[in-house]
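Engineer: Take a look at this one; I'll ask things after.
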Amino acid sequence: MTDRFQVVPAAYLLLRRGSEVLLQLRQNTGYRDGHWACGAAGHVESGESALAAVVREAREELGVEVRTTDLQPVTTVHRTHGNGRAVDERVDFFFQCHRWQGEPVAREPDRCAELRWVDLHELPEPVVPHEAAVLDVLGTGSVPAILVSGFDAAPR
């Protein structure tokens, strides 16, 4: 019997203003510090849905209120580092939102060096790689339902 692996779920919020998206510059997190990333994101907590997680992260990280009815699923990224460690097996749920209450501010300034609205066609560098993949396809308007990263070629 094949062992089933576990994944760590995370939820990402792309606040949108026309062709612009809100990004944050990571610092002091221990992961991709100095890289640009989605305005708000985080792990889905036990007993929490991906929708509830992204609403919570928007409040905690940006001080804005979003309604689940205003969230639009963008894509899901299934990724692995291929090292067999459970912590490195991930599934990431990306949502975009065009309506929210409040003005986005960096509520965790120890972990976010800067917030910036950027055009999807003029992304700053560097961007966290799996997030860059999502932003790149979002800019084309043709986003697959599922993106994969780190796995061998798809079965035939």
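The values are calculated or read from the model by the stated rules, or taken from the named source; none is laboratory data. The structure displayed is predicted, hence computed values, not measured ones. Cβ: placed from backbone, ideal geometry, glycine included. Neighbour counts: every protein chain shown.
Engineer: Would a scan of segment 136-144 turn up a residue that is of a type in the set (V, I, T), surrounded by 13 or more Cβ atoms within 10 Å (Cβ to Cβ), modelled with pLDDT of 95 or more and touching a Leu at 6+ places or on another chain (Cβ under 8 Å)?
Structural biologist: no
Engineer: Any idea which residue in segment 88-100 is modelled with the lowest pLDDT, counting only those that are within 15 Å of A37 (Cβ to Cβ) and among the charged types (D, E, K, R)?
Structural biologist: Going through the qualifying residues, I end up with R90.
Engineer: Any idea how many residues of segment 1-28 are farther than 26 Å from F151 by Cα and assigned to a loop (DSSP other than H, G, I, E, B)?
Structural biologist: Number of matching residues: 4.
Engineer: If you don't mind, another one. From the set of residues in segment 46-87 that are assigned to a strand (DSSP E or B) and of a type in the set (D, E, K, R), which is modelled with the highest pLDDT?
Structural biologist: Taking segment 46-87 and keeping what is assigned to a strand (DSSP E or B), we get 65, 71-80.
Imposing the further condition that a residue be of a type in the set (D, E, K, R) reduces the set to 65, 79.
Working: E65: 98, R79: 92.
Among those residues, the one meeting the criterion is E65.
Engineer: Is there a residue in segment 116-123 that is assigned to a strand (DSSP E or B), over 16 Å from the mean Cα position of the chain (by Cα) and not hydrophobic (A, V, I, L, M, F, W, C)? Steps first, please.
Structural biologist: Residues of segment 116-123 assigned to a strand (DSSP E or B): 116-119.
With over 16 Å from the mean Cα position of the chain (by Cα) added as a condition, the list becomes 119.
Subsequent filtering for residues that are not hydrophobic (A, V, I, L, M, F, W, C) retains 119.
Yes, segment 116-123 contains a residue that is assigned to a strand (DSSP E or B), over 16 Å from the mean Cα position of the chain (by Cα) and not hydrophobic (A, V, I, L, M, F, W, C).
Engineer: Can you tell me which residue is nearest to C38 (Cα to Cα) among those in segment 125-144 that are hydrophobic (A, V, I, L, M, F, W, C) and in a loop (DSSP other than H, G, I, E, B)? If you could, list the steps in order and put the result at the bottom.
Structural biologist: Within segment 125-144, the subset hydrophobic (A, V, I, L, M, F, W, C) is 127-128, 132-135, 137-138, 143.
Those left that are additionally in a loop (DSSP other than H, G, I, E, B): 128, 143.
Details: V128: 9, V143: 17 Å.
Applying the filter and picking the extreme gives V128.
Engineer: Return the residues of segment 24-77 that are within 17 Å of G102 (Cβ to Cβ), touching an Asp or Glu at 6+ places or on another chain (Cβ under 7 Å) and of a type in the set (D, E, K, R); say none if nothing qualifies.
Structural biologist: R59, E61
Engineer: From the list E103, E114, pick out the single residue that is surrounded by fewer than 14 Cβ atoms within 10 Å (Cβ to Cβ), farther than 14 Å from L25 by Cβ and modelled with pLDDT of 95 or more. Please lay out each step first, then the result.
Structural biologist: Numbers: E114 fails: farther than 14 Å from L25 by Cβ.
Only one candidate qualifies: E103.
Engineer: Can you tell me which residues in segment 97-156 are acidic (D, E) and in contact (Cβ under 8 Å) with a residue 24 or more places away in the chain? Show your work before the answer.
Structural biologist: Our first condition is that a residue be acidic (D, E); within segment 97-156, this holds for 103, 108, 110, 114, 119, 122, 125, 131, 136, 152.
Passing the criteria: E103, E108, D110, E114, D119, E125, E131.
Engineer: Go through segment 74-100 and report how many residues are surrounded by 14 or more Cβ atoms within 10 Å (Cβ to Cβ) and out of contact with any Ser or Thr (no Cβ under 6 Å at 6 or more places or on another chain).
Structural biologist: Residues that pass the stated criteria total 14.
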